Amino acid sequence: MPTPKHDSLIKQVQKTIKQYAMFSTGDHIVVAVSGGPDSVCLLHVLHILSEAYNFTLHIAHLDHMFRGKESADEAAFVADLAKKFSLPSTIEQIDVPAFCREHNLSAQEGARKIRYDFLQKTAVRVNASCIATGHTMNDQAETFIMRMVRGSGVTGLSGIPAVRDNIVRPLIHVSRQAILAHLKKNNLSYATDSSNAKSLYARNRIRMEILPLLSKFNPRIVETLASVATVLRDEDEAMQTSLMNHKKNVIIQMENAIVLKRTEFNELPLAFKRRLLRDAITRSQLIFLNSSRSHELSVMQINTALEFMASAQTGRALHLPGGLRVEREYDRFMIFYPSPVADFTVSLTVPGITQISKLGVQVETKIIQTACSEEQNYPWHAEFDYDKMQLPLHLRNRRTGDWFCPAGMEEKHKKIQDFFVDVKIPRYMRDQIPLLVSGESIVWVVGHRLDHRFLPDAKTKQRVCIWIKNNN
């Protein structure tokens, strides 16, 4: 179906494609088509431009099974649309309501995850270079308002990107009004989602109530908000680039926590602190929760955390939504999700090998006459005077009142708690450190310090050699 070259919508899409380098010659593109006006317009425009840009199209549609016959009819409509345009298609049905119940997700969260998983799998299967979705200028404006109300920072307010990874949005600078006019002019029909007319969802209320109200003050409110989001995205990208060196100098990733160096962090301007803290929190979610969308913190919550960090003494902690914890530990801030450690006590086989699955280690012990000639792996290897030890030996975590006599330190008697403070072991790690116990005496704070009372000396006849190794 030919369209005049001077069509303003087509020109805008061409401009957007060029501006963001969305497509390359010969690309194979998966087009997400729900059947609604935006996606039908997207399909029609890309079909028109496919010859000039030398790309090919593949339609993808997912029936989420939220609306029974209505959503099934939409799938049939898209199938007919694929035939009309003589394009290959992938049309599937997934019980998203059941998925949401099983994984305790909202309808919006579950639908989004399933939809993008489906689109990515389709792109891989048909060897597509990218996925085109029908997000518009109106979607951008609605997203801006939603995130502003939630208290998002600049990154959140920058809205929907025109390109993210292999997702492209050619209609992101096109209004819904222009889309409806284009469909009418080209006599293109589309499906209507009845749920879009209900004010149950925040986005619908913004579209149906808030934007019409704001348009009384600014008739071009959609364009204005979308433009602001674009400016914020440009500034956000510029600031992210300028922060790269600071990230390297300030943020450290540990096994169970993200660390911010306190001195370096405090020297930064407030805007940089706010952004680095949010980055550290996002990284924590990605690494420790395996989620990029959990418990997004508002600007107010980030500012609360920054106020805490400005004055917190060592050992003080702040609890944030989602179980996140920010803790001052001497010259650094720890950002982590606390995992309560249950008390454990394991009896060791001497001599022999003891597997301790809950710690992910194995403990090997030998009784020998002379000093161990094997390569030592201190701090995970230790030797003791066998005659000074009392069997059985146990490996356990700390208890209230624990003490030992640390080798190489002036104190003859030191509480384990005080030792942990002296060597600056973070609070969240202290219950995880195993202690080797002989009778009632702690003889080794594993990985840190031996008790001098049990060390071999000139009179030693037999030694107990102990190795603690990871199970990998």
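Just wondering, is there one or more residues in segment 38-45 that are of a type in the set (A, V, I, L, M), touching a Cys at 6+ places or on another chain (Cβ under 8 Å) and closer than 22 Å to VAL168 by Cβ?
No - not one qualifying residue is present in segment 38-45.
Filter segment 1-35 down to the residues that are buried (at least 17 other Cβ atoms within 10 Å of the Cβ) and within 21 Å of ALA82 (Cβ to Cβ) and list them by number.
Once the filter is applied, which keeps residues that are buried (at least 17 other Cβ atoms within 10 Å of the Cβ) and within 21 Å of ALA82 (Cβ to Cβ), segment 1-35 yields VAL13, PHE23, ASP27, ILE29, VAL30, VAL31, ALA32, VAL33, SER34, GLY35.
For segment 382-428, enumerate the residues that are touching a residue at least 24 places away in the same chain (Cβ under 8 Å) and β-branched (Val, Ile, Thr).
Within segment 382-428, ILE416, VAL423 qualify.
What number goes with the only condition from (1) modelled with pLDDT of 90 or more; (2) surrounded by fewer than 16 Cβ atoms within 10 Å (Cβ to Cβ); (3) in a loop (DSSP other than H, G, I, E, B) that LEU268 does not pass?
(2)
Give THR143, THR192 a once-over and let me know the one that is surrounded by fewer than 17 Cβ atoms within 10 Å (Cβ to Cβ) and closer than 25 Å to SER71 by Cβ.
Residue meeting the stated conditions: THR192.
Can you tell me which of (1) part of a loop (DSSP other than H, G, I, E, B); (2) at pLDDT below 95; (3) buried (at least 16 other Cβ atoms within 10 Å of the Cβ) is the one ASN218 doesn't meet?
Only one criterion in (1) part of a loop (DSSP other than H, G, I, E, B); (2) at pLDDT below 95; (3) buried (at least 16 other Cβ atoms within 10 Å of the Cβ) is unmet by ASN218, namely (3).
So that you can scan it fast, the table gives a plain yes or no per residue for (1) touching a Phe, Trp or Tyr at 6+ places or on another chain (Cβ under 9 Å); (2) hydroxyl-bearing (Ser, Thr, Tyr):
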position	(1), (2)
LYS247	no, no
GLU255	no, no
PHE265	yes, no
PHE288	yes, no
VAL299	no, no
THR304	no, yes
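Consider THR155 carefully, then state whether it is touching an Asp or Glu at 6+ places or on another chain (Cβ under 6 Å), of a type in the set (Ser, Thr, Tyr) and either assigned by TED's automatic domain parsing to the domain that holds ILE94 or not in a helix (DSSP H, G or I) (or both).
yes
Regarding segment 303-319, can at least one residue be identified that is under 18 Å from the mean Cα position of the chain (by Cα) and outside the structural domain of ILE433 (by TED's automatic domain parsing)?
No, the conditions are met nowhere in segment 303-319.
I'd like the full set of residues that are over 34 Å from the mean Cα position of the chain (by Cα), among the hydrophobic types (A, V, I, L, M, F, W, C) and surrounded by fewer than 17 Cβ atoms within 10 Å (Cβ to Cβ), limited to segment 72-84.
Result: ALA76, ALA79.
What number goes with the only condition from (1) modelled with pLDDT of 85 or more; (2) surrounded by fewer than 17 Cβ atoms within 10 Å (Cβ to Cβ) that ILE251 does not pass?
(2)
Yes/no matrix, rows are residues, columns are (1) assigned to a strand (DSSP E or B); (2) in contact with a strand residue (DSSP E or B) (Cβ under 6 Å, 6 or more places away or on another chain); (3) over 30 Å from SER339 (Cβ atoms); (4) at pLDDT 90 or above:
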{"site": "ALA181", "(1), (2), (3), (4)": "no, no, yes, yes"}
{"site": "ASN196", "(1), (2), (3), (4)": "no, no, yes, no"}
{"site": "LEU214", "(1), (2), (3), (4)": "no, no, yes, yes"}
{"site": "GLU223", "(1), (2), (3), (4)": "no, no, yes, yes"}
{"site": "ALA226", "(1), (2), (3), (4)": "no, no, yes, yes"}
{"site": "ASP236", "(1), (2), (3), (4)": "no, no, yes, no"}
{"site": "THR241", "(1), (2), (3), (4)": "no, no, yes, no"}
{"site": "LYS247", "(1), (2), (3), (4)": "no, no, no, no"}
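Of all residues in segment 106-129 being closer than 16 Å to ALA202 by Cβ and hydrophobic (A, V, I, L, M, F, W, C), which is nearest to the chain's Cα centre (by Cα)?
ALA111
Got a number for residues in segment 38-69 being farther than 21 Å from LEU180 by Cα and either among the charged types (D, E, K, R) or without any contact (Cβ under 8 Å) to a residue 12 or more places away in the chain (or both)?
Counting residues in segment 38-69 that are farther than 21 Å from LEU180 by Cα and either among the charged types (D, E, K, R) or without any contact (Cβ under 8 Å) to a residue 12 or more places away in the chain (or both) gives 7.
Residues checked against (1) farther than 17 Å from VAL126 by Cα; (2) under 31 Å from the mean Cα position of the chain (by Cα):
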position	(1), (2)
GLN12	yes, no
TYR20	yes, yes
ILE29	no, yes
VAL33	no, yes
VAL40	yes, no
THR56	no, no
GLU70	yes, no
ILE94	yes, yes
CYS100	yes, yes
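The values are calculated or read from the model by the stated rules, or taken from the named source; none is laboratory data. Quantities reported herein were computed from a predicted structural model and do not represent experimental measurements. Neighbour counts are summed over all protein chains in view; Cβ atoms, including those assigned to glycine, are modelled from backbone coordinates with ideal geometry.
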